[in-house]
Amino acid sequence: MGRALEDPKWWPKDVPKRPGVYVFRAPDGRVLYVGKASNLRSRLTSYRRPGGDGRILIRFLGDEAESVELLVTRTEQEALLLEDTLIKQYKPPHNIRLKDDKSFRMLRIDYSDRFPRLKHVRAHSPEMGKEGGRSRLFGPFASASALRKTVADLHRIVPLRDCPDSVMDNRSRPCLKHQLKLCSAPCVDLVSQTEYADLVQRAAKILSGDADELQADLEARMIDASEKLEYERAAVWRDRLGALRRTIEGQGVRPKDDVDRDVLGLSRRGDRAAVHRISWRDRRMAESRTHHFKSELPDEELLHNVLTAIYAPGRRKAPTEILLPAPPVEHGFLEETLGAKLLVPTSGDRRRMLDFCFENADQALRRQSDEEDRDENALIQLVELLDLDPGTEVMDCFDISNMQGSNVVASRVRFRRGHPDRSGYRRYKIRDVEGQDDFASMHEVVRRSLERGMRDDDLPDLIVIDGGQQQLERALLARQEAGAFDVAMVGLAKARGERQVRGLRKGPVEERVWIPGAEGPIILTAHSAVRHLLERIRDEAHRFAITYHRKERGRITSRLDSIAGVGPAKRKALLRTFGSVAGVAAASVEQLAGVEGISPELARSVADALRLDP
C-alpha cells in the first residue's frame, strides 16, 4: 500500500498550472525520480489511481517516496533542459538513462581541401565541425565496422585518397593502394583536380543514396566486356558493381517516401524493458540500436522519458517523424519541444516498420532474459556444490596487479545474482605492503573491503579469492580481523604443473575450488555452468585490476616525461635499466649517468627532479 496523496506531510498543496519539474525524494533525501510537465497540476494528478482512493499509481513512488519538490519554469523548453540537468546530476534510479548512448560515427567530406577525402568523425564531437559551407556530412552509421565496410567498398568504385595531408604532401611516388586501384594518386599528380572533383561528387551521390546512374553504367561496362570476351575486365566491373550494391543496401531497406524518421519498438517483461530504435535517413537505414533498462513506469510515461533521453538538448536532433507503439504523456509538449511529429500507426508501411522494431526489441529482451536465467541457474548450482547459504546472491572477487613489485594495485568486482553489478566495483592502492608480496597484498585489500562493508552494511555473501590454499588462508585471516564471520570464502586456482609438449599445453586445464577446512580442492567439471560463472568473475577482476594498473603506471611514468631532456627513448632506457620509476628514484647520479644517452648533467637533473641528493 502506498501513502495517501492527501497526506500534507509529503504531497504538495496548491500545485500551480505552470510548466516545470517535479522531484520525488526518499526519506533520506535521495532523488528517486525526476519528471517534467507543461502543466504541473495536471501531471501530478495523473499519478492518482482511477478509483480515487488517493494512492499513487506507480508502485515504487508510493512505497519509497517521502516528498515531492516542485521547480516552476517560465517555458516548457526550460523544463526540458532542467530535467536533463537534474537527471545527470542526481542519476535517479527510476529515470531512463541510456548508458550505451554513444555519439554516432559519420563521414565528412571537406571541400576546402585541395583533394578532399572521406574522414571518420563522431556526431556531436568537436572534430565533426558544422555541416554546410565547404563540408558535408554523411551518416550516421550504426557501427565502426559498418562504416569501414562502406568506405572500403566505396574506394573500389571511386578511388579517393584516404591518407592525411601530412602523408600526401611528402610522397614522391604512389603507394600500394594506387597499384590496387583503390586510390587515384593525387599525391603525385596522376589525377587532375577537375577529375578528382568528379570522383568526390560521385562518392557524395552514392553516400546520399543516388547511385542509379552509376549502377547502370557499371552494368553496361560489365556486359560490354563480357560480350567482347574480356572476362578479366568484366570481372573488375562485376566486383565494383557488387561493392556499389553493398554500399547502398548495407545501409538497410528503403521506405517508399523520403521522410527522415525514427521508429521505436517497445517490449517489456516485468520491470525490464527494451526499446529498439531504427533510424531512416535519405530512404536508407542509418542506425539500428537496442536500449535496455529497468522501469515500472506505464508505457506512456516510459516512452515520454525515452524520447527526452534520446533527443535531449545537445545530444541529437529529432527527425521529422517518430513512430511509437503508444502515445506518450505530454504528447503535444513533446512534439513542440522536439520539433518532430509523433505518430502511433495502426496500418500500412508505418505499422510494418513498427512491428519490425517490436520484434527486434522482443528478441533483444529475450536474449537478455535467457542470459540472466543462465547466470542465476549457475549461481543456484554453485550454492548447492559449495553448500552455501541458500540466500547467496552477492559475490565479490579480488585480484592483485603489479609490475616487478612497483605500483601494486588491486580490484574488487561484484556479481549480483550471477551477473556484474558495476556499482559494486572498487579499486585499491596497496598501502601497507612493501615490494611484491601478493599474499600480504590480498590480506590487506580483503581486510579493507570487509571493514568498509561492516561500516556501510554492504557485505557480500561470498568472496572468491583468485588463488589457491595459501591465498585463501590470508583472506580468512583478514576476515577474522575485520569481524565479518558470516561472509563465505573460497579460492579459485588453475592446477599447476600441466604437462608441456613442445611448448604446448597437453590436455585441458583443471579449475580447482579451495574450501576452508577441506582436505583438498573440488575439481570443477569442464564446461559446467559453475565453472563458467567462477571464471567470468575472476577474469573480470583481472581485467579491472590490469586496467587500473596501466592507468596508475602511466601516471608515474609522467614524472619522467616532465623532466627537460628526457624524451621517449631516454625514458625507455632508464626504465629498462632500473625496472621502474621507483628504481630510477633509488639510483645514484653515477648510476644514472651510466645509462646510454644520459649525460652527467641530465643525470643530475633527473635526480633533482625526483628529489634525490646529487
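The values are calculated or read from the model by the stated rules, or taken from the named source; none is laboratory data. Note that the structure is predicted; figures quoted are calculated from it, not measured. Heads up, the Cβs are rebuilt from the backbone with ideal geometry, glycines too, and the neighbour counts pull from every protein chain shown.
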>> For the list (1) at pLDDT below 75; (2) charged (D, E, K, R); (3) touching a strand residue (DSSP E or B) at 6+ places or on another chain (Cβ under 6 Å), I need the number of the one condition that ASP561 fails.
In response: (3)
> How many residues are surrounded by fewer than 13 Cβ atoms within 10 Å (Cβ to Cβ) and assigned to a helix (DSSP H, G or I) if we restrict to region 587-599?
Replying inline: 1
>> Filter region 63-108 down to the residues that are among the acidic types (Asp, Glu) and either modelled with pLDDT of 75 or more or not in a loop (DSSP other than H, G, I, E, B) (or both) and list them by number.
In response: ASP63, GLU64, GLU66, GLU69, GLU76, GLU78, GLU83, ASP84
> If a residue has to be surrounded by 19 or more Cβ atoms within 10 Å (Cβ to Cβ) and among the β-branched types (Val, Ile, Thr) to count, how many in region 322-373 make the cut?
Replying inline: 3
> Considering only residues of region 212-235 that are modelled with pLDDT under 85 and crowded, with 17+ Cβ neighbours inside 10 Å, which is nearest to LEU107 (Cα to Cα)?
Replying inline: LEU214
> In region 21-41, what residues are in contact with an Asp or Glu (Cβ under 6 Å, 6 or more places away or on another chain) and of a type in the set (Gly, Ala, Ser)?
Replying inline: ALA26, SER38
> Among (1) in the same structural domain as ARG479 (by TED's automatic domain parsing); (2) charged (D, E, K, R); (3) under 27 Å from the mean Cα position of the chain (by Cα), where does ARG431 come up short?
Replying inline: (3)
